[in-house]
Amino acid sequence: MGVSVARIRVLVVDDHRIFAESLAAALAAEPDVDVSAAGSGPAALRCLERAAAEGRRYDVMLVDAELGILTANGVRTVPAPREAPDGGPGQGDGISLVSGVRSGHPHIRTVVLAEKDDPRRAAMALQAGASGWVAKDCSLQRLLTVVRGVLRDETHLPAALLTGVLRELTAARKHRTESEQLVESLTPREREVLRCMVAGLGRKAVAERLFLSPHTVRTHMQNVLGKLGVHSTLAAVALARRAGVGPVRLTGDVVERGGQLA
């Protein structure tokens, strides 16, 4: 009588077609692995959505750290860091994809495939939700160990990166703590104005939402910038996000008016 083998469904995401297909073929040779490949972030998301709709979700996604970062002639380059939406260090498209998948498909474990060790970007990958960072030139056996390990909720990093990654994560936590302390110095009304700023609302929209005059809102915004020690709305929003301040919902909120619930 045959023994049923639990299958691991893996999605390889890399814009180098030859690498992606070669890796997929090597993984597919394993008796317990089903594998597909996608050549871009949007293609990967389509694969994930289609698989979820068909009731055959992927378990692990292997994603290129530099996904989609190419020159005009199609040659890969090492990207200069781009500013992230939260005002922090920039990140490559592969790490952005990890973050998006964590939000839309939280059950999937992601492992970042990198051409070189980089503590800063490895820390960014972990913060984005990755469960591992593996060199592209590692052995197939090593990669399979990582794939099976992350399914047991393990986190895998090269030993040479551990100290650097811990240092980066500690620094990030310090910045977050400092940001939290600054936000705590705001009054409740100023925090509400800040949440409106995070949502992208302008002065007039904030005034209408909170039943205040535009002049009063302007004063609150100036106070927020002063207490946070920044000089622009963009910088205030970046600091707020680091402190975990989310935006106000744009519909269905209950707000205060004259001490009464409106």
Determine the shape class of region 171-251: with a ≥ b ≥ c the square roots of the Cα gyration tensor eigenvalues, call it rounded for a/c under 1.5, and otherwise prolate if a/b is greater than b/c, oblate otherwise. prolate
Checked region 97-249 against the a/c 1.5 cut and the a/b vs b/c comparison, axes a ≥ b ≥ c from its Cα gyration tensor; verdict prolate
Karplus-derived 3J(HN,Hα) from phi for region 243-248 (6.51 cos²θ - 1.76 cosθ + 1.60, θ = phi - 60°), whole Hz, x at Gly and Pro, runs 7, x, 7, x, x, 5
Ordering of 218-225, 59-66, 152-159, 95-102 by burial proxy (mean other Cβ atoms within 10 Å per residue, highest first): 59-66, 95-102, 218-225, 152-159
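Every number here is computed from the coordinates shown, using simple stated rules; none is lab data. Fair warning: this is a prediction, and the values are worked out from it, not measured in the lab. Cβ coordinates were reconstructed from backbone atoms using ideal geometry, including for glycine residues, and neighbour counts include every protein chain displayed.
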